Amino acid sequence: MQEIANQGLNGKSEYMQFVVQFHHMMLSKKITLAYEGEVTQEITKAFTAMTEKNLDKIEEDGKIKKKVYHVMVECLQNIAKHADDDSSGSSDKLEDGLSKTGIFVIGSDDKEYFITSGNGILNENIPALKAMLDSINALDQDALKELHKTKMRETAISSKGGAGLGFIDMVRKTGNPLEYHFEPIDGKSSFFLLKSRISKANSEK
Amino acid sequence: MSALIIEMKEDTPAIHLDAAAGKFEFSGKSLPEDVSSFYASTFGWIKDYAAAPNPTSVFVFKMTYFNTASSKIILDILMRLEEMKNEGKDVSVEWHFGEDDEDMKEAGEEYSEIVEVPFKFVEY
């Protein structure tokens with residue numbers, strides 16, 4: 001049987017085998033969306049619409065759906081927006097060097113949805129980004145609210161959307177800290193992974 | 001002055017600013033690709049309107065969703081209204097939110113704490 005199968009695949013068995021494994025991996029982690037490539041506004045609209053439809057289909061709770069939507073938009077626009085941002089003037093320093101291509105994955109287990117994004121970042125920007133994420137993660141809801149207000153006021157007039165406000169919003173909306181990881185690519189840059197968790201139990205806000 | 005009317009899209013809100021009709025309203029979702037360019041006409045309109053406003057202006061927000069970039073633009077709009085208020089004009093905000101939409105309610109409350117403009121909250 002194995003031989004016949006391989007013949008039928010015209011020597012592509014290794015690749016087909018990979019796809020089969022990939023499929024199994026996606027199923028085992030309950031991956032409902034996985035994407036690698038350029039993130040644009042069109043992609044953001046398509047992915048959010050698709051995910052809303054999927055969540056409707058399984059009759060997911062409205063509040064949870066909203067959280068997923070919020071986090072998806074902030075994640076995707078974080079990748080999309082800071083890309084062509086080579087003007088160092090008005091923009092948040094942290095955004096320089098973040099690339100606009102990346103990965104975006106939505107998975108889940110019985111308890112939570114996981115929304116993970118990944119994109120390139122210059123190593124020199126890592127310490128500041130890490131410090132920002134750590135400081136946001138350390139705050140309780142009241143402190144997050146105050147920080148949100150302060151940040152919004154500070155940046156209302158000028159820039160096009162500092163990463164900080166998006167992170168604060170993600171932690172506030174989900175009630176969970178952001179998990180992150182920097183995977184070194186070379187001496188200059190790293191791959192920045194960011195994971196947000198959304199509880200399927202609709203207890204907290 | 002002429003009205004500014006922008007139709008609702010998947011990622012941008014409906015904007016209806018009409019001094020003659022006394023209607024000033026933002027409704028829908030806001031997550032445009034470039035918030036500054038999308039809202040540029042709104043700021044232009046408000047600037048002109050502020051020079052010679054109606055005796056009373058109620059700005060209505062019926063948003064169902066906005067991203068963080070838009071949240072700053074909305075604050076910026078509210079700050080323009082605050083400036084009008086400080087110049088002695090009768091300006092207020094009506095903030096609408098869905099029955100179960102705690103987030104939208106809270107967002108409005110937060111804005112009302114930041115700017116010195118009277119807010120009226122309306123649940124629908």
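The values are calculated or read from the model by the stated rules, or taken from the named source; none is laboratory data. Since the structure is predicted, the reported quantities are computational estimates derived from the model, not experimental observations. With ideal geometry, Cβ positions are generated from the backbone for all residues, glycine too; neighbour counts draw on all protein chains shown. Heavy atoms of the whole protein, side chains included, go into the accessibility calculation; ligands, DNA and RNA do not. Shrake-Rupley method; radii C 1.70, N 1.55, O 1.52, S 1.80 Å.
Tabulated data
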quantity: Probe 1.4 Å, accessible area per residue of the protein assembly as shown, Å²; calculated: 50
quantity: Accessible area (Å², 1.4 Å probe, nearest 10) - A:D142; calculated: 110
quantity: Helical mean residue ellipticity (222 nm; -39500 (n - 2.57) per DSSP H run of 4+; nearest 500) of chain B; calculated: -13000 deg cm²/dmol
quantity: Per-residue SASA entry for A:I43, accessible area with 1.4 Å probe, Å² rounded to 10; calculated: 40
quantity: A versus B: buried accessible surface, summed, Å² (probe 1.4 Å, to nearest 100); calculated: 2600
quantity: 10 Å Cβ neighbours from other chains, averaged over peptide B:68-81; calculated: 5
quantity: 36 Å tail of the calculated P(r), the protein assembly as shown, as % of Cα pairs; calculated: 26
quantity: Residue-by-residue Karplus 3J(HN,Hα) for region B:90-96, coefficients 6.51, -1.76, 1.60, Hz, glycine and proline x; calculated: 8, 10, 9, 10, 10, 10, 9
quantity: 10 Å Cβ neighbours from other chains, averaged over peptide B:21-31; calculated: 1
quantity: Flagged links, alpha-carbon separation over 23 Å, of A:K45/A:K100; A:K30/A:K195; A:K81/B:K9; A:K81/A:K200; A:K66/A:K145; A:K130/B:K29; calculated: A:K81/A:K200; A:K130/B:K29
quantity: Per DSSP, loop trypsin sites (Lys or Arg not before Pro) in region B:1-34 with at most 15 further Cβ within 10 Å; calculated: B:K9
quantity: Heavy-atom accessible area ranking, 1.4 Å probe, most first, across A:D140, B:D11; calculated: A:D140, B:D11
